[in-house]
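Undergrad: Structure incoming, see below.
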Amino acid sequence: MGKLYTLDGKLLTETPELRIGEKVYPVDSRQKTVKKILALADDESVPMGERIDEALKLALGDENAVEIDRMDMPFPAYQRLFELVMNAVTGQEDEPDKARFQTEKG
């Protein structure tokens, strides 16, 4: 008998969520949405800011993206928000890339 591989039902039904302050936003991690987000990320004909805005709309929904945009958060926070959304849609753990955050040893 051959090997049997099973896709865990939990992966098929759980929706990732993102917390900003006290509010929790569901993140759309369906394959069609993620494919659109990844295509956007590669489209260099669109300015980076517009790509981020559109990716957030796809992942969080128009209404939630508008609500978050109205927060007018500092850019480093906005950039981190985008990283968290990308982690959520791709199923990555939220662990910063240690290589990016190495400090010089004196």
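The values are calculated or read from the model by the stated rules, or taken from the named source; none is laboratory data. Values in this document were obtained by computation on a predicted structure and should not be read as measured data. Neighbour counts run over all protein chains shown; Cβ positions are idealised from the backbone, glycine included. SASA here: full protein model, heavy atoms, side chains in, ligands and nucleic acids out. Shrake-Rupley method; radii C 1.70, N 1.55, O 1.52, S 1.80 Å.
Undergrad: Hand me the list of helices (runs of 4 or more DSSP H) wholly inside the stretch 28-94 holding 3 or more residues that are touching a helix residue (DSSP H, G or I) at 6+ places or on another chain (Cβ under 8 Å), among the hydroxyl-bearing types (Ser, Thr, Tyr) and under 20 Å from PRO16 (Cβ atoms).
TA: Answer list for the stretch 28-94: none.
Undergrad: Can you pull out every residue in the stretch 1-29 that is closer than 19 Å to LEU81 by Cα and of a type in the set (Lys, Arg)?
TA: ARG19, LYS23
Undergrad: If you scan the stretch 1-34, which residues turn out to be open to solvent by 100 Å² or more (accessible area, probe 1.4 Å) and within 28 Å of PRO76 (Cβ to Cβ)?
TA: Answer for the stretch 1-34, where residues must be open to solvent by 100 Å² or more (accessible area, probe 1.4 Å) and within 28 Å of PRO76 (Cβ to Cβ): GLU17, ARG19, GLU22.
Undergrad: Another question, then. Restricting the first residue to the stretch 60-84 and requiring it to be surrounded by 12 or more Cβ atoms within 10 Å (Cβ to Cβ), which pairs with a second residue that is not in a loop (DSSP other than H, G, I, E, B) meet a Cβ separation below 6 Å and a spacing of at least six or different chains?
TA: Filtered contacts from the stretch 60-84: LEU60/TYR25; ASN64/TYR25; ALA65/LEU56; ALA65/LYS57; PHE82/ILE52; LEU84/LEU18.
Undergrad: Looking at the stretch 35-59, which of the residues that are out of contact with any Ser or Thr (no Cβ under 7 Å at 6 or more places or on another chain), among the aliphatic types (A, V, I, L, M) and within 24 Å of THR13 (Cβ to Cβ) is most open to solvent (accessible area, probe 1.4 Å)?
TA: LEU38
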